[in-house]
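A.B. asks: Have a look at the structure that comes next, please.
Nothing in this text is a laboratory measurement; each read-out follows from the coordinates by a stated rule. Since the model is a prediction, treat every value here as computed from it, not as a measurement. All Cβ positions, even for glycine, are placed from backbone atoms using ideal geometry, and neighbour counts span all protein chains on display.
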Amino acid sequence: LGVWIFGEGRLSKKLHCLSIWLVAFGSNLSAFWILVANSFMQHPVGYTIANGRAEMTDFFALVTNPYVVGQYAHTVLSGIVTAGVIVVAVSAYRLLSGQNIDTFKTAIKSGIIYSLVGLFLVMGSGHLQAQFIGKNVPMKMAAMEALWETENPAPFTVIANIDTENKVNHDAIEVPYVLSLLIYDSPEGEVKGINELQEQYIQQYGYDDYIPNVVLLFWSFRIMIACGVAMIGAMLLAGLLFYTKRLENTRWFLNILVLLLPLPFIANSFGWIITEAGRQPWMVVGLQKVSDAVSQNITSTEVLITLIGFTLIYALLAVAAIFIALKFVKKDAHKMDDEGGQA
């Protein structure tokens, strides 16, 4: 990454391009192995219990875990959306300045197409992942929908005032049949509720509270969806305005495109909240609870210090990344100004 950032003008164009392709390849390969491990925590496969611990018996089953297939696709496609929106937002900002119109019209066109392809594909992968979760990790799905009782057909709840103490929703706006339709591709289909699943897990695993944070999951899911819908709507309108040659002159909408910049990051963050909070109280679903996974070899203080250290390091890296990105965006902008938009 350092070669790409600081090698511009010092390396041949092909070598400079190769450096960022290696970053992309390495990042996506890293994401795959991270998600293989994470998917085992969500949906364990390819293992046996020996001497009180899980031991891998089938590496192929591990890397082809149905959970990792959906999770990896959704993650990579979310990255595509993020990149596309960044290009669109930066290009819109430059079009508002009135400089290098032709250059940034080309850039924003590419960004719009890239974003729309990513958005529709991420919706498709998310739908397939939701179907898998609904059938194989039903408590996560029930919590995401604040579905307390088993229903067939099950509605999709748009908004609700969730009462976790009494396990009921107030002032709920529901769309009939939609949740069953999403999970089973049919208006008919039973979706188990939180209360039934809690009783089932008590019988299966012993007495405990197996209900994750319903309010957090419910609203995280809707915030993620809302961000996606907003980005799709904005990109479709941007595409229409570009096609009719009005985008660069529609300043109010260019300002909206600039403001889109945080949305993919918000959607990605809430998506990960859903992924991790949804498996609670399990460290590995059905095998090990978080309360049983605490290491006996380190103290809570050591864990806290490590967490603070990692947080500070990544915070500093984030500040540095943003600083360098802004520096090079401005540098390239001035370069294009000086060279008549040909850089």
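A.B. asks: Within the chain, which is the longest segment that contains none of the GluC sites (Glu not before Pro) sitting in a DSSP loop with at most 12 other Cβ atoms within 10 Å?
C.D. replies: With a cap of 12 other Cβ atoms within 10 Å, the longest stretch comes to 1-164.
A.B. asks: Turning to a different aspect of this structure: Set the Förster distance to 41 Å, then compute FRET efficiency between Val294 and Ala318 from the Cβ-Cβ distance, nearest 0.05.
C.D. replies: 0.90
A.B. asks: For each of Val122, Val294, count neighbouring Cβ atoms within 10 Å of the residue's Cβ, then give the residues from fewest to most.
C.D. replies: Val294, Val122
A.B. asks: Here's something else I'd like to know. Amide H to amide H under 5 Å from Ala172: which residues, 5+ apart in sequence or cross-chain, H placed 1.01 Å off N in plane?
C.D. replies: Those lying under 5 Å, H to H, from Ala172 are Asn161.
A.B. asks: Still on this model: Give me the one-decimal nm value for the distance between modelled label points at Asn136 and Val158, 7 Å along each residue's Cα-to-Cβ direction.
C.D. replies: Those two pseudo-labels are separated by 3.3 nm.
A.B. asks: By how many nm would the segment from Cys17 to Glu149 lengthen if fully extended, with 0.36 nm per residue of separation less the alpha-carbon distance?
C.D. replies: Additional length available on full extension: 42.1 nm.
A.B. asks: Which value in nm describes the separation of the simple spin-label points at Val329 and Phe60, placed 7 Å from the Cα toward the beta carbon?
C.D. replies: Calculated label separation equals 4.7 nm.
A.B. asks: Using Cβ contacts closer than 10 Å as the measure, can you line up Phe218, Phe25 from fewest to most?
C.D. replies: Ordered from fewest to most neighbouring Cβ atoms within 10 Å, Phe218, Phe25 come out as Phe25, Phe218.
A.B. asks: Report the gain in length on full extension from Asn255 to Ala24: 0.36 nm times residue separation, minus Cα-Cα distance, nm rounded to one decimal.
C.D. replies: Separation in residues times 0.36 nm, less the Cα-Cα distance, equals 80.2 nm.
A.B. asks: Here's something else I'd like to know. Which whole-Hz ³J(HN,Hα) couplings does the range 196-201 yield from phi under the Karplus relation 6.51 cos²θ - 1.76 cosθ + 1.60, θ = phi - 60°, glycine and proline marked x?
C.D. replies: Whole-Hz 3J(HN,Hα) from phi for the range 196-201: 5, 5, 4, 5, 4, 6.
A.B. asks: Label Gln99 and Lys167 with points 7 Å out from Cα along Cα→Cβ: what is the distance between them in nm?
C.D. replies: Those two pseudo-labels are separated by 6.3 nm.
A.B. asks: Counting helices only, and only those DSSP H runs with n ≥ 4, report the 222 nm mean residue ellipticity of the chain as the sum of -39,500 (n - 2.57) divided by its residues, in deg cm²/dmol to the nearest 500.
C.D. replies: When only DSSP H runs of four or more count, the value is -22500 deg cm²/dmol.
A.B. asks: Would you mind calculating the gained length between Ile34 and Phe265 on full extension (0.36 nm times residue separation, minus the Cα-Cα distance), in nm to one decimal?
C.D. replies: Gain in length upon complete extension: 81.2 nm.
A.B. asks: Which one, Ile162, Ser110, Thr150, is farthest towards the positive end of the dipole of the range 96-218 when Lys and Arg carry +1 and Asp and Glu -1 on their Cβ?
C.D. replies: Ser110
A.B. asks: Give, as a single signed number, the net charge of other residues whose beta carbon lies under 13 Å from the beta carbon of Asn152, with Lys and Arg counted +1 and Asp and Glu -1.
C.D. replies: That works out to -4.
A.B. asks: For the range 286-329 and the range 153-225, what is the centre-to-centre distance using only Cα atoms, to the nearest Å?
C.D. replies: Going from one Cα centre to the other spans 31 Å.
A.B. asks: While we're on this one: Enumerate the calculated ³J(HN,Hα) couplings along the range 231-247 in order (Karplus 6.51 cos²θ - 1.76 cosθ + 1.60, θ = phi - 60°), each rounded to whole Hz, writing x wherever the residue is Gly or Pro.
C.D. replies: 5, 5, x, 5, 6, 5, 5, 4, x, 5, 5, 5, 4, 8, 6, 10, 5
A.B. asks: A further question on this structure: Return the single residue from Arg246, Arg94, Arg279 with maximal mean-square fluctuation; model: Gaussian network over the chain, springs between Cα atoms under 10 Å.
C.D. replies: Evaluated over the chain, the most mobile residue of the options is Arg246.
A.B. asks: Let me ask something else. Calculate, for Glu174 and Asn51, the FRET efficiency according to 1/(1 + (r/R0)^6) with r their C-beta to C-beta distance and R0 51 Å; round to the nearest 0.05.
C.D. replies: The calculated FRET efficiency here is 0.55.
A.B. asks: With unit charges on the beta carbon (Lys/Arg positive, Asp/Glu negative), name the residue among Gly9, Leu217, Met231 whose Cα is farthest towards the positive pole of the charge dipole of the chain.
C.D. replies: Gly9
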